1. Determine how many Å³ per residue the convex hull of the Cα atoms of chain B encloses.
2. Using a 1.4 Å probe and counting only protein heavy atoms, how much accessible surface gets buried when B and A come together, both sides summed, in Å² to the nearest 100?
3. For the range C:58-74, which residues drop by 40 square angstrom or more in accessible area between the chain on its own and all protein chains together (1.4 Å probe)?
4. Hey, can you grab everything whose amide H is under 5 Å from the amide H of B:Ser178? Only 5+ residues off in sequence or another chain; H modelled, so Pro and N-termini drop out.
5. Just to be sure I understand the interface: list residues from the range A:165-187 that lose 20 Å² or more of accessible area between the chain on its own and the complete protein assembly, 1.4 Å probe.
6. Given a 1.4 Å probe and every protein chain left where it sits, what share in percent of the accessible area of the protein assembly as shown is carbon and sulfur?
7. Using a 1.4 Å probe, how large is the accessible area of A:Trp430, given in Å² and rounded to the nearest 10?
8. Protein chains only, probe 1.4 Å: how do C:Trp86, A:Trp534 rank by accessible area, largest first?
Amino acid sequence: MAVSAGTLRRPAEGGLWSTVWEWLTTVDHKRIGLLYFWTVLFWFLLAGVEALILRLQLARPDAGVLTPAVYNQLYTMHGTLMVFLVGTPAASVFANMVLPLMIGARDVAFPRLNALSYWVFLFGGILLNAGWLAGGAFDVGWTGYANMSTRPFTQSIGANFWVMGLIVLGLSTMASAFNFLVTIINMRAPGMTLMRMPLMVWALTVVFILVIFAFPVLTVALIFLWFDRFYGTRFFDVAAGGNVFLWQHLFWVFGHPEVYILILPAFGILSEVIPTFSRKPIFGYSTMVLAMGAIAFLGFSVWAHHMFTTGMGPVGNFAFSLSTMLIAIPTGVKVFNWLATMWGGRIRWRVPMLFAGATVLLFILGGLSGMMHASPPIDSQQQDTYFVVAHFHYVLFGGLVMAMFAGVYYWLPKLTGRLLDEGLGKWHFWLTFIGFNLTFFPMHILGALGMPRRIYTYPAEAGWGGLNLLITIGAYILALGILVFAYNLLRSLRKGEPAGSDPWDGRTLEWSIPSPPPEYNFEEIPVVHGRDAWWEQKRQRRVAPVGGGSNGDPHAPGEGHQPGPGREVIHLPKPSIIPLVLALGLAVAGVGTIYHPAVIALGLAITIGAIVAWAIEPPLQGAVHSKE
Amino acid sequence: MRIPPLLRRPRWVAWGISLFLLLLTACASPQNTFGGQGDQARTILGLYWLLIGAALFVGVSVIALLLYAFFRFRERPGAGEPKEVHGNTALEFAWFLIPTIIVLIVAIPSWRTVFRFGQAPPPNALQVQVVGHQWWWEFRYLDYKGADGNPLVSGNELYLPVGRPVALTLRSADVIHSFWVPRLAGKADANPGVTTRLTFTPLETGTYYGQCAEFCGLSHALMRFRVKVLPAEEFERWVQSRQAYTLPPLAGEAEKGWQVFQARGCNACHTIDGTNARGIIGPNLTGIASRDGVAAMALPNTPEDLARWLRNPPAVKAGSKMPNLNLTDEEISALVAFLATLK
Amino acid sequence: MEKSLTPHGHEAVHPPTTTGEDHRKVLMWLFLASDVLFFGSLIATFVAYAQRVPHTPLHEVFNIPITSWSAFVLLMSSVTMALAVWSAHSGKMGLMRIYLLATVLLGVHFLADQGYEFYHFTLDGFTPRVNPVGSAFFTLTGFHGAHVTVGVLWLFSLFLASFRGGITPKNAIWVEIAGLYWHFVDVVWIVIFAVVYLIGASFY
Amino acid sequence: MAQRNETMEPTREVHKAGPKTCALVAVVLAVITAIEVGLFPGYPLYTEALRPVLVPLFLLLGAGKFALVASFYMHLKYDTPMFAGIFAFGMTVGASIVISVIQLFRHFHF
């Protein structure tokens, strides 16, 4: 079957159903990236709405908006969603959107596995949230501390969905990580050595390395909990000799590298956006790479700083405090390098750069409060208070989410071919920035005033009412900013200004091809001679991007778009429905563990059938545009 | 001195002052971490100022640099192409050195404190066992035996003599809790199956607010308690009164309430020292009339609130182990009258 | 230089890559490195509990002669597997089938031993539900058994595929990566045998 | 990870670990296993004097077998160092975490 050299937005040939079928069977990393993006955005909005409801309850002392049961479910699912369905897949979103483009590859190493990762992510997310519909979501906090998450203390079916959902999501995250690591190791364009890779690629490399070593540990902890809940094992049964610290250790052995899994994509985005908009190369490339490596390695040695108050004793506390404080050093190096990149540049105040600058600012604040709880005595006053809530929102919202906004304004036009509106973007930025600080800065003070986290109510005499009201107002301003963003996104799909192939005067290879790129990405695999490959080409050889200049019309691909006679033959991976079926099988089996063994059998049957079909199905389709 | 333009506008000054006042009133919070009325909290506070100082210094200077760069190097029409700087070994080494120095400044005092807090409690320390329950606190004074030979027990209020070190051993009866009285000491988790320790010396008399800090289920928010630090002789008097505790002479409503207490099985869960009420499922009720609140400080200790609690405990405190006994109004008012005599 | 990124037909299954290694082999090694952490967590849990919790005395439960035999069987299956990989690369398809089948049979033997062992442990009162050590032991060895089962099915499907021309010297990589997986499952058992059985039964 | 500038054809791997090497390694593996079992308390090679060093001894013998299988059967000895690097990284992180968790439980958490 010959496939036209189409783009992501080419008109559907056979109507709606055929369009849907194309998306369901797609194995193109760019389309999968968009699927990831919209799904993550949906979960982000859902988790945000949950937070807004929580803030209503906390706005006043002794409020009765929510019952404690509902409050606990809402805050648990807010945290779980933000960590596992927004932050963790951030790496997959951006890796799918741009990683192959940045390293000059035509696709990922295993396109069908990539599709599988997405579908498992989708079904895992649904499974995780299914508790709401089945009679109550999980309510032990996103950390799911045992023994409270075991059956004697948490009977709710939401806990079962939470455990199965996270196991399934872990499979998706790991599959994605394996796939991209192979892609990075094995599919770089000729000349792109490791030390010539864009820093975004390096950041994602480190993220995926962390994923493949951290997620198995979480999976084991979840399996213990699952077995305890369903099959009567005794891992966390204190009466039988079980120990509650086992969960905490396994969870945080995963959980702290997870923190870097969440924040490193942000570092990558900053390291691309800041040089582009300062018109300067990144300052200290090698130290940036070294710093990320150090963060990744140290990231595995700090987990018990989440357990300073559990009574580990001075030796344990000292050791983990030491390793934690060491992390401040590579982090400081990164911040200074970004500053030095801006220094002496020509900074264009476009929306991606505004978000990037704000990210650095907020991340500094989050990092400094993190430095405080690295000191065990101080942590004993801050642990489990709103100070900690403030800290991780500064690093995860101020750091990761703000950077994701920068990344979306920067790269989404590459995939959709249309820019987001600059004016709306600035509204989005300022509302978000002001709302964010109004929401999360006072939380530092609340924590210092002794307000524990995860409480659904507080008495008036505690003196926390005024600040909480301020926070709630801030949260709604923040929400307004997000609404503007959502509108901007939808608007750009129809009315956005055409992006052209290189709207930002970019530095890396993705800007050398049309927006949206053709299915095969690169007409001809580029040969790389240094860092910032595309920038060098533009400077030295005065090359115009393929498909027109920066204001070119994406719907009228230029001459360079058509394969000339004698051009190489490109084989594309064949679209396949099997990844979707396989993911469905896994999800059905997951539901089966909760309800009935027969359903497990059904799910496994679907899964095995899909695996067999996968093995038999030829992975490739015919040539794309060999000139007959 | 030149007044900065911002401060020349009265509106901004007014805003600034009201924000400052808001912060000040907020500091009146009875559970704040800046009190330092215990030796541990005081040491932590010293460390706290050091870290806040270091953080402010780093934060203000780096953010100032960032903002300077952002504004100073903003693209202007006619600006030339910036110089392509790829790095600078000396500067990059400086990036490495600056955080290292700052880390050392805050780390060394922190670690010294860690080992100081880790020392064994002094031999004269008051031994108290703390047991966390869903959702109330039990305090067992191991040094003082009651009339029955068991340690004295109090519920949700911990009595301590001022100036004497106290060595807490913490455990939990069900899930993980965390014992936290911010003005006296940092928190320590109370775990099921494992014992943790917390040693501190209260330095000033007074009532201190405490709260469970580790999420422990449905009514985690209502697991509050008080620490009452008394002058030494007053503490001794409290101990003696508890050791020789008997029911006060009862009459009228209160007498009726004691009958209801036994008839409706309250004694199956609650203890009142010196009586046949020996239940250990709920908090010890001896001296409940002098407590600051009821149901682990979920409600203030007034007759109306006590009555509300007795009428339907799970409605006040979701998931409460104390069931709704469907008491009649007469039974409730009798019980309230009876409990009011337990000073 | 080969210009096409992906192979032209199903004959050329070795695409040119940055490192010169096949994607699938890189994937398998990454997976194995990751699986180390999976088994590592399970082993850490077992030891953490075995060293402190009062539990069923392991030296009374374990049957060292039988386990030693099954450990030996699994070890020898690694030998046959290595030979199968060598045969596949050398184009000796008949020999490869024999070695593959031998590996499968040894794997099944191991699984049967494990089933026998589990059955007798349960009869002796050592079950996943008796205490955390039991839970950790059965979860650890059970997941190892699950890995072996997957390996057996995989190797058997390769064995079947080899008759239909699915395995040729050119795509011997399939046998090779299945072999990597199989050897890994074997080295995990080497660790489990030493840590759980020999050390466990000597001291607990 | 290897840094090559050009994409490369994979190397042929016929000469790796032939039947002779396989058989030799198998013999060594069998012997080590025999020693391991022999050292078990109550078995011929065991003496009370060995008890204090029994744990490191078992670990060492196990590690020896592990190394033999990994380097010969899994071809780490012959293949690109990249694979050995990936696996060694996983082993290092894994072993450190296993040892830390075991030690933390040994000393602190009961």
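1. Working: hull volume 81.7 nm³, N = 343.
Value for chain B: 238 Å³ per residue.
2. Values: alone 19790 and 24060 Å², together 36140 Å².
Rounded to the nearest hundred, the buried surface is 7700 Å².
3. Residues losing area: C:Ile64.
4. Long-range HN contacts for B:Ser178: B:Ala190, B:Ala213, B:Glu214.
5. Buried by the other chains: A:Phe178, A:Val182, A:Ile185, A:Asn186, A:Met187.
6. Answer for the protein assembly as shown is 67 percent, counting heavy atoms of protein chains only.
7. That residue has around 130 Å² of solvent-accessible surface.
8. Listed by decreasing accessible area, they come as C:Trp86, A:Trp534.
The values are calculated or read from the model by the stated rules, or taken from the named source; none is laboratory data. The structure presented is a predicted model; accordingly, all values stated were derived computationally and were not measured. For neighbour counting, all protein chains shown are included, and Cβ atoms are generated from backbone atoms with ideal geometry for every residue, glycine included. Surface areas here come from the heavy atoms of the whole protein model, side chains and all, with no ligands, DNA or RNA. Shrake-Rupley method; radii C 1.70, N 1.55, O 1.52, S 1.80 Å.
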